[in-house]
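Heads up, the thing below is written out as structure tokens.
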Amino acid sequence: MSKKNLIAGQSGGPTAAINSSLYGVVSEALKHTEEIDHVYGMVNGIEGFLNGTVLDFQEALPGEKLQALTWTPGAYLGSCRYKLPESLEDPVYPELFRKFEEMNIGWFFYIGGNDSMDTVSKLSRYARKIGSDIRILGEPKTIDNDLVNTDHTPGFGSAARYVASTVREITLDACVYEKKSVTIIEIMGRHAGWLTGAAALARKYTGDNPLLIYLPETDFDVEDFLQKVNTSFEKNCNVVVCVSEGIHDKNGTFICEYDNAAGTDAFGHKMLAGCGKYLENLVRSRLGVKARSVELNVSQRCSGSMLSETDQQEAILAGEFGVQAALNGETGKMIAFKRQSNVPYSMKCTLEDVDAICNEEKTVPVEWITSDGSDVTDAFIRYARPLIQGTVEVPVGEDGLPAFVYRK
């Protein structure tokens, strides 16, 4: 059998573990020298591939240098938010597969979230349509943890650990004065509140801050919120509140839109930000107490300081498992996680039909949110806590800073 080449790309928002998935794919592929000749990387995803920007991993990260991917956040290959046309009759598809043929590609891996799985689905369907034998698989990635048919996604555990740790730090800072204050922490999450729910992991004891946690899975009522904040002063004069960026009222209007018009991105998603600032001003004016808001913003996904070892190792495992599956003939699938036990925690990799995953969204189960919508339940805690475990020792360079790997 003649050798073929493997190519991998990254797409969408980066995470602390997306490069660990890439490492899993590349390191496993390099072991199969009888079947795989070269292992290529698409620089800036499918968009970069169309523009001819490709690197060879044997040249870019030879030998032990490859391992540095496992502790480097961001997307080593660069990313894109390129949406393939809905119609498989579009000329971009034959152009892509012509390029695949020119590079003798036999295996295609795309690491990303929901929109990336949409790309995997379309390429897989087009491959079936033309009878191509290229094996096309999706590697999951998203701090939002909103991909369906998988217990969780690589990237979520590290982001959840960052959120919990940062909320604990902010709480310590907020509680130094014996004077009423409200600190509102805005956390990423458009429609799924997994990451905001992780703020509950910051608590050291029952009744500890954050006293209120609001997810976008339930309707947010401004008057009820103010009343709950006021009541919370009976527990602690310093109240910490965590809110998802996508909280909305019963009519579906985002709270951030109360104060300003939200724009949209290339996929038509509203670009949300600002609900924390709106609520800060509301609390200050209506309750007459000191208030501040903190938007965790991009740090949730770009920080490698709170990289979860569990998250890192599972991302590597997903990459390795995907290559093995592709070599066994699998295509049109996404690597998924199936939890086998909470105590002790264990999971295994499985394969799921990517057509059933793309353009769907997994939200926090309603039963994992308290009936008044202002907190998460113990079931959420049991789900999330295992995913933030383990510390990764990141090598430090001569400048005293993390020795991340950079693409030249």
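Matching residues to (1) in contact (Cβ under 8 Å) with a residue 40 or more places away in the chain; (2) under 28 Å from S303 (Cβ atoms); (3) assigned to a loop (DSSP other than H, G, I, E, B):
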{"residue": "N145", "(1), (2), (3)": "yes, yes, yes"}
{"residue": "T150", "(1), (2), (3)": "yes, yes, yes"}
{"residue": "L172", "(1), (2), (3)": "no, yes, no"}
{"residue": "I185", "(1), (2), (3)": "yes, yes, no"}
{"residue": "P210", "(1), (2), (3)": "yes, yes, yes"}
{"residue": "K228", "(1), (2), (3)": "yes, no, no"}
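Would it be correct to say that T166 is in a loop (DSSP other than H, G, I, E, B) and buried (at least 20 other Cβ atoms within 10 Å of the Cβ)?
The answer is no for T166.
Residues being out of contact with any strand residue (DSSP E or B) (no Cβ under 7 Å at 6 or more places or on another chain) and not small (G, A, S): count how many of those fall in the stretch 181-212. Spell out how you get there, then give the answer.
In the first step, residues of the stretch 181-212 are kept if they are out of contact with any strand residue (DSSP E or B) (no Cβ under 7 Å at 6 or more places or on another chain); the result is 188, 190-192, 194, 198, 201-208.
Now drop any that are not not small (G, A, S), which leaves 188, 190-191, 194, 201, 203-206, 208.
Counting residues in the stretch 181-212 that are out of contact with any strand residue (DSSP E or B) (no Cβ under 7 Å at 6 or more places or on another chain) and not small (G, A, S) gives 10.
List the strands (runs of 3 or more DSSP E) that sit entirely inside the stretch 1-113 and contain at least 3 residues that are open to solvent by 20 Å² or more (accessible area, probe 1.4 Å) and not β-branched (V, I, T).
36-42
Suppose we keep only residues that are free of Cβ contacts under 8 Å to residues at least 12 places away in the same chain and more than 21 Å from the chain's Cα centre (by Cα) within the stretch 325-358. Which one would you say is least open to solvent (accessible area, probe 1.4 Å)?
It comes out as S341.
Can you confirm whether G329 is in a helix (DSSP H, G or I) and under 23 Å from K122 (Cβ atoms)?
Spelling it out, it is not the case that G329 is in a helix (DSSP H, G or I) and under 23 Å from K122 (Cβ atoms).
Which condition number in (1) within 20 Å of D144 (Cβ to Cβ); (2) part of a helix (DSSP H, G or I) is the one that V323 fails?
It is condition (1) that V323 fails.
Among (1) under 25 Å from R168 (Cβ atoms); (2) modelled with pLDDT of 95 or more; (3) open to solvent by 30 Å² or more (accessible area, probe 1.4 Å), there is one condition V289 misses while meeting the rest; what is its number?
Exception for V289: condition (3).
Out of (1) in a loop (DSSP other than H, G, I, E, B); (2) open to solvent by less than 30 Å² (accessible area, probe 1.4 Å), what's the single condition that is false for Q312?
Of the numbered conditions (1) in a loop (DSSP other than H, G, I, E, B); (2) open to solvent by less than 30 Å² (accessible area, probe 1.4 Å), the odd one out for Q312 is (1).
From N230, N238, grab the single residue that is modelled with pLDDT of 95 or more, open to solvent by 20 Å² or more (accessible area, probe 1.4 Å) and polar (S, T, N, Q).
Values: N238 fails: open to solvent by 20 Å² or more (accessible area, probe 1.4 Å).
From the options N230, N238, the qualifying one is N230.
Is it the case that the stretch 184-201 has a residue that's out of contact with any Cys (no Cβ under 7 Å at 6 or more places or on another chain), polar (S, T, N, Q) and modelled with pLDDT of 95 or more?
no
Taking the residues in the stretch 359-408 that are over 30 Å from L212 (Cβ atoms) and basic (K, R) as candidates, determine which candidate is surrounded by the fewest Cβ atoms within 10 Å (Cβ to Cβ).
So, considering only residues that are over 30 Å from L212 (Cβ atoms) and basic (K, R), the one surrounded by the fewest Cβ atoms within 10 Å (Cβ to Cβ) is K408.
Since R301 meets every condition but one in (1) modelled with pLDDT under 95; (2) surrounded by fewer than 23 Cβ atoms within 10 Å (Cβ to Cβ); (3) at negative phi, which condition does it not meet?
Of (1) modelled with pLDDT under 95; (2) surrounded by fewer than 23 Cβ atoms within 10 Å (Cβ to Cβ); (3) at negative phi, only one is false for R301: (2).
Sort out which residues of the stretch 172-209 are more than 18 Å from the chain's Cα centre (by Cα) and surrounded by 24 or more Cβ atoms within 10 Å (Cβ to Cβ), and write them in order of number.
V182, T183, I184, I185, N209
The values are calculated or read from the model by the stated rules, or taken from the named source; none is laboratory data. In this text the structure is predicted, and so the values were computed from the model without any measurement. Reconstructed Cβ throughout: ideal geometry from the backbone, glycine too, with neighbour counts over all protein chains shown. Surface areas here come from the heavy atoms of the whole protein model, side chains and all, with no ligands, DNA or RNA. Shrake-Rupley method; radii C 1.70, N 1.55, O 1.52, S 1.80 Å.
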